[in-house]
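Worksheet: one structure, shown below.
The values are calculated or read from the model by the stated rules, or taken from the named source; none is laboratory data. Note that the coordinates shown come from a computational prediction; the quantities given were computed from them, not determined experimentally. Heads up, the Cβs are rebuilt from the backbone with ideal geometry, glycines too, and the neighbour counts pull from every protein chain shown. Keep in mind that these areas ignore ligands, DNA and RNA; they rest on the heavy atoms of the full protein, side chains included. Shrake-Rupley method; radii C 1.70, N 1.55, O 1.52, S 1.80 Å.
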Amino acid sequence: MTFDFLLLNPWIYDFAAYDFWLKPYGLLFIGGKLRKLGYSIYYLDLLDPFHPELPKKPKRKSFGTGHFYKEFFPKPVYFQDVPRKFYRYGLPLKILKNILKSIKFKAILITCTLTYWYPGLIALIKFLTSHYPETPIYIGGIYAKLCYNHLKSLIENHYSDYPIFIVTEHHEDFLNQLLKLYPPSKEPHKHDYPIFDLQSCIPYVIIMTSLGCPFNCPYCASKRLYPKFEPRNPEEIFKEILFWHKTYKVVDFAFYDDALLFNFENHLRLILENIINHNLILRFHTPNAIHARFVNKEVAHLLKKAGFKTIRIGLERVENRFDNKVSIEEFLQAVAYLKEAGFKEKELGAYFLYGIPEENFEEVKKGLLFLAEKRVPPYLAEFSPIPGTPFFEKAKITSRYPIDEDPIFHNNTIFPALKRPDWQKIQEIKALARKIRHSLCN
Ligand code: SF4
């Protein structure tokens, strides 16, 4: 069968990867837009945990989350000091080969999300260029945007003979380019929703009600990826949620927004009221965290009534705070409102950032104990340096790796900002966070 475009989500090579509502949203989004223009799409997620030919089914957990299929992979030499095993996550190569045997396509679109996951992209490029040397390949995603020069030099040095293009422009400009090059082969699809229906299973759907964030925290990629905050039409978002629920019986929805509660009155409130008025029994999750500052009594009440099940709050630190998105008082007030609205402790959680340049582990420990005392489960977020942010510049000085030369060193598992990670201390911190969560959530 011949398709206009083959869309691919590459493997991940890493110490850890977990499907905590982890999808290549940008690729799925572009797929939806292409289909609406009349293009035929074949989508292959190399991380697909439901693929029927997987040698072993990965364990799945609640709310659509779960493990990916993984195989041991030799740990890169420069990570030998990291006391963790290394894996390749995703489908074995022979499954990819089998699938591609039965299809033809005019061009390939590939994404790469985290900057340090580019080896998965490169492994795929190597395979594709050897089997389809004439087929144009378009690479987009967060890595291409944040590390454009790195990707460009990799292509120039190793794949300059192949038609490979880096996509960093706005999606509308990119779609216009494709329209000039490839005439659509089909009638336009009835909607332009992201192509979740082309997955082998839809355990959950990602929703983005806006792009970007009005804040500018010194460690975050949001401003670099989306310089402008762009909210979407609330009525359209409700229709999208309704479509997935009615057509595919999806009940779990994860918001990927960076600022979900911003301008709540004119935005999320309208979506939630619609959900409540239609008596939809859905479960909502906020893996990207919400801003405590925007939680008041009414917001908390509506979140509860609409079916939010996983609320993560961006706290980052307790002492020595370095962003202005929330104060401790605002954080505690938000937690109080959420609990008053009926949220259980196990449904709440605070992201606690650690592993920052010149980390003070005593301070981290005190922060975790503070959360234990306030009965808020802590979720540790290991620091990863994001190019173009003030914290990246600091990490360049403190890191034991050349983080500005190779994004592989942005991996948060290796604690790239630390000169000499004390692995024993790191284990203790992780164990403490686990113990607190266990005592609050069980
Ligand atoms: S509030 Fe969150 S998303 Fe916004 S800039 Fe800060 S860390 Fe990033």
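Remarks
- Answer residue from the range 308-327, given it is within 16 Å of the ligand (Cβ to nearest atom), in contact with an Asp or Glu (Cβ under 8 Å, 6 or more places away or on another chain) and assigned to a strand (DSSP E or B) and is least open to solvent (accessible area, probe 1.4 Å) among those: Ile311
- Consider the range 204-225 and keep the residues that are in a loop (DSSP other than H, G, I, E, B) and modelled with pLDDT of 95 or more. The one that is farthest from the ligand (Cβ to nearest atom) is Tyr204.
- Elements of type strands (runs of 3 or more DSSP E) contained in the range 1-78, each with 2 or more residues being touching a residue at least 40 places away in the same chain (Cβ under 8 Å) and surrounded by 19 or more Cβ atoms within 10 Å (Cβ to Cβ): 2-9, 12-14, 41-45
- Residues in the range 413-425 that are part of a helix (DSSP H, G or I) and either surrounded by 21 or more Cβ atoms within 10 Å (Cβ to Cβ) or at positive phi (or both): Ile414 alone.
- Filter result for Leu181 (surrounded by 13 or more Cβ atoms within 10 Å (Cβ to Cβ) and modelled with pLDDT of 95 or more): no
- The single residue among Leu146, Leu124, Leu54 that is within 27 Å of Gly32 (Cβ to Cβ) and either among the small types (Gly, Ala, Ser) or touching a strand residue (DSSP E or B) at 6+ places or on another chain (Cβ under 8 Å) (or both) turns out to be Leu124.
- Residue match in the range 240-257 (condition: in contact with a Cys (Cβ under 9 Å, 6 or more places away or on another chain), part of a loop (DSSP other than H, G, I, E, B) and modelled with pLDDT of 95 or more): yes
- Set Glu363, Glu345, Glu393, Glu358: member being more than 16 Å from the ligand (Cβ to nearest atom), out of contact with any Phe, Trp or Tyr (no Cβ under 7 Å at 6 or more places or on another chain) and without any contact (Cβ under 8 Å) to a residue 24 or more places away in the chain: Glu393
- Output for the range 214-267, where each listed residue is of a type in the set (Asp, Glu) and within 17 Å of Ala292 (Cα to Cα): Asp257, Asp258, Glu265
- If you go through the range 346-369 and pick out every residue that is in a helix (DSSP H, G or I), open to solvent by less than 40 Å² (accessible area, probe 1.4 Å) and not aromatic (Phe, Trp, Tyr), you end up with 5.
- Evaluation of Lys228 against (1) within 16 Å of the ligand (Cβ to nearest atom); (2) open to solvent by less than 80 Å² (accessible area, probe 1.4 Å); (3) among the basic types (Lys, Arg) (one fails), failing number: (2)
- For beta carbons closer than 8 Å, sequence separation of 6+ or different chains, a first residue in the range 215-239 that is farther than 17 Å from Leu270 by Cβ and polar (S, T, N, Q) and a second that is more than 7 Å from the ligand (Cβ to nearest atom) and assigned to a loop (DSSP other than H, G, I, E, B), the qualifying pairs are Ser222/Gly212.
- Yes/no for Cys147 being more than 20 Å from Leu28 (Cβ to Cβ), under 22 Å from the mean Cα position of the chain (by Cα) and at pLDDT 95 or above: yes
- Test: residue in the range 188-205 that is over 30 Å from Pro52 (Cα atoms), of a type in the set (Val, Ile, Thr), surrounded by 16 or more Cβ atoms within 10 Å (Cβ to Cβ) and not assigned by TED's automatic domain parsing to the domain that holds Pro49: no
- Residue in the range 337-390 that is nearest to Ile313 (Cα to Cα), counting only those that are among the hydrophobic types (A, V, I, L, M, F, W, C) and under 20 Å from the mean Cα position of the chain (by Cα): Ala350
- Here Ala372 fulfils each of the conditions (1) part of a helix (DSSP H, G or I); (2) within 24 Å of Glu428 (Cβ to Cβ); (3) open to solvent by less than 20 Å² (accessible area, probe 1.4 Å) apart from (3).
- Filtered residues of the range 106-131 (kept if open to solvent by 30 Å² or more (accessible area, probe 1.4 Å) and more than 26 Å from the chain's Cα centre (by Cα)): Lys106, Ser130, His131
- Only one entry in Glu236, Glu240, Glu134 is within 20 Å of Leu34 (Cβ to Cβ), open to solvent by 50 Å² or more (accessible area, probe 1.4 Å) and not hydrophobic (A, V, I, L, M, F, W, C), namely Glu236.
- Boolean, Leu380 is touching an Asp or Glu at 6+ places or on another chain (Cβ under 8 Å), closer than 19 Å to Pro421 by Cα, among the hydrophobic types (A, V, I, L, M, F, W, C) and outside any helix (DSSP H, G or I): no
- Yes/no for Cys217 being of a type outside the set (Ser, Thr, Tyr) and open to solvent by less than 30 Å² (accessible area, probe 1.4 Å): yes
- Residues of the range 268-307 classified as among the aliphatic types (A, V, I, L, M) and assigned to a strand (DSSP E or B), total: 1
- Test result for Ile110, outside any helix (DSSP H, G or I) and under 24 Å from Glu405 (Cβ atoms): yes
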